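Below: one structure, written as structure tokens.
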Ligand SMILES: C[S@@+](CC[C@H](N)C(=O)[O-])C[C@H]1O[C@@H](n2cnc3c(N)ncnc32)[C@H](O)[C@@H]1O
């Protein structure tokens with residue numbers, strides 16, 4: 001990401017995206033492009049490997065929730081393809097499509113041997129798919145980066161067929177005060193430190209910042225309801241450090 005004297009910078013002088021600026025989306029894309037090669041290693045280290053457990057656990061929650069078989073699934077904001085590969089493993093007969101708005105991330109996903117081949121560059125807020133294309137739209141650790149969460153939720157609902165499921169996995173604030181204290185210490189202090197060890201602190205300073213600005217678990221459920229979904233629920237994972245949000249596209253004729 002190019003240094004920008006007007007935007008926020010970390011202690012080592014590296015910039016990070018600022019939601020208050022009109023350039024936020026562009027800044028997010030540039031930031032993810034700049035860390036695409038180190039993304040997996042950083043993620044496993046910063047979460048002590050728990051991220052490898054969270055995606056399968058979220059799919060386990062999804063399977064207890066959904067009504068329809070998964071024949072066509074979309075991974076939005078696929079990054080290096082971790083969730084798309086899980087989807088392909090879990091639903092071996094499904095067509096799995098994966099998109100991300102960072103070309104560098106899509107390229108990194110494509111270099112992984114087991115990533116589904118239907119990969120493309122697309123913005124979640126303007127998906128290049130017809131209404132009702134997918135039985136499942138899934139995303140992991142993407143929602144807090146959306147410039148317009150409400151509008152993007154409507155777009156995700158649009159590409160789901162009636163009765164199709166949404167799964168959004170996202171970091172969340174734990175309910176227990178003790179776990180919450182540890183959670184904030186980790187994200188505010190340990191994560192940027194690991195970021196410095198990875199070369200630049202900015203992208204990892206953005207992580208706690210983006211969590212602070214993200215709506216509460218209850219608010220996210222309300223936003224999904226307002227975006228046109230039905231049966232929106234939140235399922236806490238790992239003491240609520242992450243939450244799997246599940247929702248269903250309304251039946252034909254019930255769309256708002
Ligand atoms: C934290 S990474 C998560 C990647 C992957 N889903 C995973 O589980 O590891 C967030 C990803 O979302 C992508 N992203 C953020 N906003 C997006 C948008 N509006 N449209 C498409 N992709 C987006 C970023 O480029 C980045 O690759």
Worksheet item: On the given criteria, is residue 169 under 19 Å from the mean Cα position of the chain (by Cα) and not in a loop (DSSP other than H, G, I, E, B)?
Response: yes
Fill in: Sole residue being farther than 21 Å from residue 245 by Cα, away from the ligand (no atom under 14 Å from the Cβ) and outside any helix (DSSP H, G or I), chosen from 181, 200
200
Worksheet item: Among the candidates 175, 147, which residue alone is in a loop (DSSP other than H, G, I, E, B), touching a residue at least 12 places away in the same chain (Cβ under 8 Å) and loosely packed, with under 15 Cβ neighbours inside 10 Å?
Response: 175
Item to complete: Could you list, in sequence order, all residues of the stretch 116-135 that are in contact with a strand residue (DSSP E or B) (Cβ under 6 Å, 6 or more places away or on another chain), within 11 Å of the ligand (Cβ to nearest atom) and assigned to a loop (DSSP other than H, G, I, E, B)?
Response: 122, 124
Worksheet entry | Test: residue 205 is assigned to a loop (DSSP other than H, G, I, E, B), crowded, with 19+ Cβ neighbours inside 10 Å and either in contact (Cβ under 8 Å) with a residue 12 or more places away in the chain or more than 16 Å from the chain's Cα centre (by Cα) (or both) | no
Fill in: When residues of the stretch 74-84 are limited to those that are touching a helix residue (DSSP H, G or I) at 6+ places or on another chain (Cβ under 8 Å) and part of a strand (DSSP E or B), the one surrounded by the fewest Cβ atoms within 10 Å (Cβ to Cβ)
76
Fill in: the stretch 222-244: number of residues that are at pLDDT 95 or above, more than 16 Å from residue 162 (Cα to Cα) and touching a helix residue (DSSP H, G or I) at 6+ places or on another chain (Cβ under 6 Å)
7
Practice prompt. Give just the number: which of (1) farther than 30 Å from residue 15 by Cα; (2) part of a loop (DSSP other than H, G, I, E, B) does residue 247 not satisfy?
Written response: (2)
Worksheet item: Is it fair to say residue 113 is more than 9 Å from the ligand (Cβ to nearest atom) and within 22 Å of residue 26 (Cβ to Cβ)?
Response: no
Worksheet, complete the sentence: Taking the stretch 85-109 and keeping residues within 8 Å of the ligand (Cβ to nearest atom) and either touching a strand residue (DSSP E or B) at 6+ places or on another chain (Cβ under 6 Å) or part of a helix (DSSP H, G or I) (or both) leaves 99, 105
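Results for (1) part of a helix (DSSP H, G or I); (2) at pLDDT 90 or above; (3) closer than 23 Å to residue 193 by Cβ, shown as yes or no for each residue.
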position	(1), (2), (3)
13	no, no, yes
18	no, no, yes
21	no, no, no
28	yes, yes, yes
31	yes, no, yes
41	yes, no, yes
45	yes, no, yes
49	no, no, yes
60	yes, yes, no
Practice prompt. Go through the stretch 25-83 and give me each residue that's more than 20 Å from residue 112 (Cβ to Cβ), in contact (Cβ under 8 Å) with a residue 60 or more places away in the chain and within 10 Å of the ligand (Cβ to nearest atom).
Written response: 25, 28, 29, 31
Worksheet entry | Residue that is farthest from residue 208 (Cα to Cα), among those in the stretch 150-172 that are within 13 Å of the ligand (Cβ to nearest atom) and free of Cβ contacts under 8 Å to residues at least 40 places away in the same chain | 155
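The values are calculated or read from the model by the stated rules, or taken from the named source; none is laboratory data. This is a predicted model, so every value here is computed, not measured. Please note: Cβ atoms are built from the backbone with ideal geometry, for glycine as well, and neighbour counts cover all protein chains shown.
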